[in-house]
Ligand SMILES: Cc1cc2nc3c(=O)[nH]c(=O)nc-3n(C[C@H](O)[C@H](O)[C@H](O)COP(=O)(O)OP(=O)(O)OC[C@H]3O[C@@H](n4cnc5c(N)ncnc54)[C@H](O)[C@@H]3O)c2cc1C
């Protein structure tokens, strides 16, 4: 066994590696070229279906007109037959089933081939662009209006042209705010999903949550703006660049900065409230009080103006009703996390657009601080296509270490690139994304390396490499070896979408790595927007699909020529 382990650690990149985990465990082909390993969990009919679906996704005209085609098909054949056709094709390929009972066979099959599940109730409202824009604009402006204020950061304000947040987004779901009741309904759907995860995944499952489902977007915009303004403020005091927490400032630095104004009672009061920990790291605002205790937003974010010594608000006006909506959003999130905790399900908070992300990430980190004291319960998501993500990760890792909580993260490239760029160009602010795909990959790998090199936090640090990119998966495995992280240490896990890149997920799971599928479920008619986006995204993945199609053909041919056309998958693997 020791010899096998040494072989696994020292093996070069493109040779077959012997896994050290107990039996049954397959060897892992790091080139992901083995059709047999990729598809041993599939019946031959499922391979044919996958090939057919990918083939259709390669036809531009069909993909571009998929929504219209699905509508027409439904009109012509009627709802019942339409559902049968969808289940035999796209729905069957990308969606696990309608509810927690019908998804069970898929989840069980994944499990028996070493793959765990992240459940995502993928029901989406199919609203028009006009309706989406109307809802978004009205839900993104505060009761006091969207007035131009001094020092305003324009990217954190709604822009009519980009109010339909689905614009050029294929790999993520979008929620549009209707009212508080609709957020309650979304919360109920998440709670039901938690039951489904608990019931079908044998305590190995995760559930994905989007914060925009739980509250008014205006509040996330305002909170994001205040966070960025606070960073700018700290930069003025500290000089240089970086995030709030990376400025190792002391109260004396503040006194020097405010000069004679520091004797004013309101400035004294402000400085009294600033907390700084033993390492001298200043926290401008008491986040834990703001999020845990009912501290008002309007009153919390005030800083002294260095020129006048007068206190000024960093946040635009928030009415008592909006304060209540903010509390509601946090209450819903807390409720979901607590419910998940009771049944041993972990929560993964998705990353969304950059104008919401500072708030989402801050709330998520505070939830980790609160709930991840002695285990992984809440995971954040970091988008590595953003130029600043490396700094964010370092800052958050430091906070987790200082405050002694488990830091769980999903690392992705990011789903909103075209929209982010178009919005930045149209509104005239700096493009927040990396300049090209190579830079995004460099950023992903740099973040991964940083995280895995923090050996001192090992055991309190968990990372999901959520990517369909083979090089990234290989790089993660290489880093695991370099840092002596074993597949079953559960420090690193991998995630891909159901129905995509099976040639990566299954060989990983079968070789004893912690592998997950993102598993959408929901009634056929209500997941059509999801399927529509899946078709679009696959078109963008032509190179990956080409490889998967070729592996599918090889496996179909192998089964025909070896008389295994009626092969019945029967996995005996146990996920780590
Ligand atoms: C399990 C799972 C969970 C996910 N959760 C989230 C989430 O919470 N939030 C989220 O935003 N996304 C999420 N995604 C989607 C993810 O961000 C990517 O959009 C998707 O996975 C494609 O990236 P890749 O690494 O798989 O593939 P690759 O093909 O290697 O990379 C494609 C990605 O590279 C980036 N890119 C493409 N062109 C350029 C360019 N010209 N310049 C710079 N960068 C470029 C884009 O991010 C693009 O999506 C998730 C994906 C998975 C599998």
When segment 481-506 is checked residue by residue, the ones that are more than 16 Å from the ligand (Cβ to nearest atom) and either crowded, with 21+ Cβ neighbours inside 10 Å or under 23 Å from residue 547 (Cα atoms) (or both) are 487, 491
Of 371, 429, 355, the only residue that is away from the ligand (no atom under 15 Å from the Cβ), buried (at least 19 other Cβ atoms within 10 Å of the Cβ) and over 13 Å from the mean Cα position of the chain (by Cα) is 371
In the set 477, 437, the lone residue that is more than 18 Å from the chain's Cα centre (by Cα), within 21 Å of residue 501 (Cα to Cα) and within 11 Å of the ligand (Cβ to nearest atom) is 437
Exercise. Would you check if there is a residue in segment 213-228 being assigned to a helix (DSSP H, G or I), closer than 30 Å to residue 102 by Cα and either at pLDDT 75 or above or touching a helix residue (DSSP H, G or I) at 6+ places or on another chain (Cβ under 9 Å) (or both)?
Key: yes
Residues of segment 402-417 being at pLDDT 90 or above and either in contact with a strand residue (DSSP E or B) (Cβ under 6 Å, 6 or more places away or on another chain) or part of a helix (DSSP H, G or I) (or both), in sequence order, are 407, 408, 409, 410, 411, 412, 414, 417
Screening 563, 509 for residues that are in contact with a strand residue (DSSP E or B) (Cβ under 7 Å, 6 or more places away or on another chain), modelled with pLDDT of 95 or more and either closer than 22 Å to residue 39 by Cβ or within 16 Å of the ligand (Cβ to nearest atom) (or both) leaves only 509
Out of (1) more than 16 Å from the ligand (Cβ to nearest atom); (2) in a helix (DSSP H, G or I), the one residue 573 does not meet is (2)
Selection over segment 440-474 where residues are outside any helix (DSSP H, G or I), away from the ligand (no atom under 12 Å from the Cβ) and touching a strand residue (DSSP E or B) at 6+ places or on another chain (Cβ under 9 Å) yields a count of 5
Only one of 168, 210 is within 12 Å of the ligand (Cβ to nearest atom) and at positive phi, namely 168
For segment 329-354, pairs from a residue that is in contact (Cβ under 8 Å) with a residue 40 or more places away in the chain and within 30 Å of residue 424 (Cβ to Cβ) to a residue that is within 16 Å of the ligand (Cβ to nearest atom) and assigned to a loop (DSSP other than H, G, I, E, B), with Cβ under 6 Å and 6 or more apart or across chains, are 329/214; 333/214; 350/210; 353/416; 354/432
Among residues of segment 398-410 being within 17 Å of the chain's Cα centre (by Cα) and more than 9 Å from the ligand (Cβ to nearest atom), the residue farthest from residue 494 (Cα to Cα) is 407
Residue pairs qualifying under the 7 Å Cβ cut-off, at least six apart or on distinct chains, with the first in segment 405-421 being within 15 Å of residue 444 (Cα to Cα) and the second being at pLDDT below 95 and surrounded by fewer than 23 Cβ atoms within 10 Å (Cβ to Cβ), are 415/169; 415/171; 415/172
Flagged in segment 374-392 as within 16 Å of residue 451 (Cβ to Cβ), crowded, with 21+ Cβ neighbours inside 10 Å and touching a helix residue (DSSP H, G or I) at 6+ places or on another chain (Cβ under 7 Å), in numbering order, are 380, 382, 383, 384, 389
Worksheet item: Within the bounds of segment 440-450, is there any residue that is more than 16 Å from the chain's Cα centre (by Cα), free of Cβ contacts under 8 Å to residues at least 12 places away in the same chain and surrounded by fewer than 22 Cβ atoms within 10 Å (Cβ to Cβ)?
Response: yes
Q.
Considering only segment 490-503, I want to know if a residue exists there that is assigned to a helix (DSSP H, G or I), touching a residue at least 60 places away in the same chain (Cβ under 8 Å) and either under 18 Å from the mean Cα position of the chain (by Cα) or closer than 27 Å to residue 349 by Cα (or both).
A. yes
Note: among 395, 308, just one is modelled with pLDDT under 95 and in a helix (DSSP H, G or I), namely 395
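The values are calculated or read from the model by the stated rules, or taken from the named source; none is laboratory data. Bear in mind the structure is a predicted one, so any value in this text is a computation, not a measurement. Note that we place each Cβ from the backbone using ideal geometry, even for glycine, and neighbour counts take in every protein chain shown.
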